[in-house]
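Written below as structure tokens is the structure these notes are about.
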Amino acid sequence: MKYLCLVYYNEAAMQERGDDHWQSLNKECQSYSGGLQESGVMLDGSALQPVSTATTVRLRDGQVSVTDGPFAETKEQLAGFYLIDANDLNDAIRVASRIPPARYGSIEVRPVRDIYGESSDAVPYAEALAQR
Amino acid sequence: MDDMETTLQRIFASESRRVLATLIRLLGDFDLAEDALQEAFVAALRQWPEDGVPDNPRAWLVSAGRFKAIDQLRRRACYDALLREQADHLATQATVEMEIENAAIEDDRLRLIFTCCHPGLAPQAQVALTLREVCGLTTEAIARAFLSKPATVAQRIVRAKGKIRDAKIPYEVPEGAALAERLQSVLQVIYLVFNEGYLASSGEQALRHDLSEEAIRLAELVLALLAERTDQPDPECQGLLALMLLHHARRATRTDAQGELVLLENQQRSLWDRQEIQRADQLVRQALLSRRFGPYTLQAAIAAVHAQSPSSAETDWQEIVGLYDLLMQHMPTPIVALNRAAALAMRDGPEAGLQALAPLMENKALQGYHLAHAALADMHRQLGHQDAAAQAYTQALALATQPAEKRFLQQRLADLSG
């Protein structure tokens, strides 16, 4: 099962920790995601530019509306993501808890929805039985 | 025939939760398992009067439930080739007898508990799901106990099952370091259930024994199931069970005939349940000896000192303050600090208590907590500070929500001016 781990932290607070901290955190992230990729757990992922570079796009009544910044003001900003392959939520939590910025911000773990494979309630039984 | 019905009822009461837990594992779906459980009992009601009760009713019910579920999948499979495959797969699996040995069934009960108490579910959903699936309470009974609408509880349970399915919360007992972490979540759910029964946060009836007893049974179950797995009792589970038993032992004396709250110091100790206190005492001793105890054990130890004191005046406050000092190391919360200050007041007098409590009242959480103001008021009252006491009682009264507590505080306030 695929899970998207969304990495959030407070950008301003992270900046205050200084450049050395930032460099070593980046190294730590590289080595953690490198290991995950090698073992086949990580399918994709990336760090993001800060929210000051973000643009929000909406379509309302056929009109495209474009605004500066993320769609909602929050304390923590989306900073990166890991797309992982995990057995179940416990497994995904184990992987997410070791993502280095989990120490400063939070990791939102979201199961990935397969919009092509969804049909009535067939999915859970299939998964439950495939496991066995 | 009546005999058979009584037998079935007895078997339903003792086996239905075990059978359900195993069916959830075998079928991988809560709702399918619940339907299968009902159908298995319907089948038993039809078949047992003719063929007699099987040697192993539990295995019979699991097996019957499993076949009923296969039938149901096949019926639905008319519309879905994938489902047909699953039904066939389920039907051709190794004989179910191999999977329903008693040990495996006990493990399933523990799996069910850990799944229902998974920290990925909201606390209210954990509680509702545990009461429904593990304890077998109806949605209506849960709603009554929590003074909410059955539809609200039902929706909570549906959402929780949806998250279990869609986020794939596994049906497993966590291993290694995760076990201790997840057990915290299980114990917290049990304590929430207990507290809801022990002292309803709102509503006229201050005491609701059913939920408290349900929580005690749950703690006994978790303690026994975990001990079977790890060969040693879990100290914090022992601590929590002891803590609940000690509160429960005093249930007959916590309110008077008019339903008014009676303070610990005025409770009639001869009416406390000695058997429960003794059992709790053993549990606390074992947990303390393990040296792996935590906050539940320490809170139980404090309650045990109270329970074993022959009178309020003879309470060993020295011991209690010492236990609070230890508890502060494990759980340095404002509430623990408040209770420690109250114990200090008893050991060293109201002046010492006030000195410890006054700086704590800067804390926002305590400012909104009626019992903090009530404790402050009591200390001022004992020191003869009439105005300060009246002010603090008024503040406590404004914050209290529970009618019996409100009446108690009103009485205190009236006594001051009297």
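Could you give the dipole magnitude of segment B:267-418 about its Cα centre, charging the beta-carbon of Lys and Arg +1 and that of Asp and Glu -1, in debye to the nearest 20?
420 debye
In square angstrom, rounded to the nearest 10, how much accessible surface does B:Lys406 have for a 1.4 Å probe?
80 Å²
Ignoring ligands and nucleic acids, what accessible area does B:His385 show with a 1.4 Å probe (Å², nearest 10)?
So the heavy atoms of B:His385 present about 80 Å² to solvent.
Using a 10 Å cut-off around each Cβ of peptide B:113-119, what is the average number of partner chain Cβ atoms that fall inside?
The shielding value for this peptide is 1.
Sorted by accessible area (1.4 Å probe), largest first, how do A:Phe81, B:Phe194 line up?
Sorted by accessible area, descending: A:Phe81, B:Phe194.
Once the Cβ-Cβ distance between B:Val262 and B:Val158 is put in as r, and R0 is 45 Å, what FRET efficiency do you end up with, to the nearest 0.05?
Approximately 0.60, to the nearest 0.05.
Roughly what would the spin-label model give for A:Thr56 and B:Asp166, points 7 Å off Cα along C-beta, in nm?
With each label placed 7 Å out from Cα toward Cβ, I get 2.2 nm.
Could you give the length gained by full extension between B:Val42 and B:Thr6, i.e. 0.36 nm per residue of separation minus their alpha carbon distance, to one decimal place?
Computed gain between B:Val42 and B:Thr6 is 11.5 nm.
Using only the heavy atoms of the protein chains and a 1.4 Å probe, how would B:Leu112, A:Leu83 rank by accessible area, largest first? If you can, show how the numbers build up before the last one.
Numbers: B:Leu112 5, A:Leu83 40 Å².
If we order B:Leu112, A:Leu83 from most to least accessible, we get A:Leu83, B:Leu112.
With +1 on the Cβ of every Lys and Arg and -1 on the Cβ of every Asp and Glu, and nothing else charged, how large is the dipole of segment A:1-40 about its Cα centre, in debye rounded to the nearest 20?
Once rounded to the nearest 20, the dipole reads 220 debye.
Determine the gain in length on full extension of the stretch B:Leu179-B:His89; use 0.36 nm per residue of separation and subtract their C-alpha separation, reporting nm with one decimal. Don't skip to the end; give the middle numbers.
Details: separation 90, 0.36 × 90 = 32.40 nm, distance 3.24 nm.
Taking 0.36 nm per residue and subtracting the Cα distance, the gain is 29.2 nm.
Note down the net charge around B:His385, summing +1 for each Lys or Arg and -1 for each Asp or Glu among other residues with Cβ under 13 Å from its Cβ.
Working: positive: B:Arg381; negative: B:Glu351, B:Asp378, B:Asp387.
Cβ neighbours under 13 Å give a net charge of -2.
Computed FRET efficiency, Cβ-Cβ of A:Val112 and B:Ala398, R0 56 Å: what is it to the nearest 0.05? Intermediate results must be reported in sequence, preceding the final value.
Numbers: r = 50 Å, r/R0 = 0.88.
The formula returns an efficiency of 0.70 here.
If you take the beta carbon distance between B:Ser16 and B:Leu289 as r and set R0 to 41 Å, what does 1/(1 + (r/R0)^6) give as a FRET efficiency, to the nearest 0.05?
Calculated value: 0.65.
Give, as a single signed number, the net charge of other residues whose beta carbon lies under 15 Å from the beta carbon of B:Pro310, with Lys and Arg counted +1 and Asp and Glu -1.
-2
Say each of B:Asn363 and B:Leu326 gets a label point 7 Å from the Cα, pointing the same way as Cα to Cβ; how far apart are those two points in nm?
Computed distance between label sites B:Asn363 and B:Leu326 equals 2.1 nm.
Which residue, chosen from B:Ile277, B:Gly239, B:Gln402, occupies the Cα position most advanced towards the positive end of the dipole of chain B, where the dipole is computed from +1 (Lys, Arg) and -1 (Asp, Glu) charges on Cβ about the Cα centre?
So the residue furthest toward the plus end is B:Gln402.
Over both sides of the B-A contact, add up the buried accessible area with a 1.4 Å probe and give it to the nearest 100 Å².
Result for this pair: about 1800 Å² buried.
Taking a ≥ b ≥ c as the square roots of the Cα gyration tensor eigenvalues, with a/c under 1.5 meaning rounded and otherwise prolate when a/b beats b/c, else oblate, which class fits the protein assembly as shown?
Details: a/c = 2.03, a/b = 1.22, b/c = 1.66.
Oblate is the answer for the protein assembly as shown, as a/c is 1.5 or above yet b/c matches or exceeds a/b.
Ignoring ligands, DNA and RNA, what accessible area per residue does chain B give at 1.4 Å, in Å²? Write down the numbers at each step before the final one.
Working: 19920 Å² over 418 residues.
Here the residues of chain B average 48 Å² of exposed surface.
The values are calculated or read from the model by the stated rules, or taken from the named source; none is laboratory data. Bear in mind the structure is a predicted one, so any value in this text is a computation, not a measurement. Positions of Cβ are generated from backbone atoms using ideal geometry, with glycine treated the same way; all protein chains shown enter the neighbour counts. Keep in mind that these areas ignore ligands, DNA and RNA; they rest on the heavy atoms of the full protein, side chains included. Shrake-Rupley method; radii C 1.70, N 1.55, O 1.52, S 1.80 Å.
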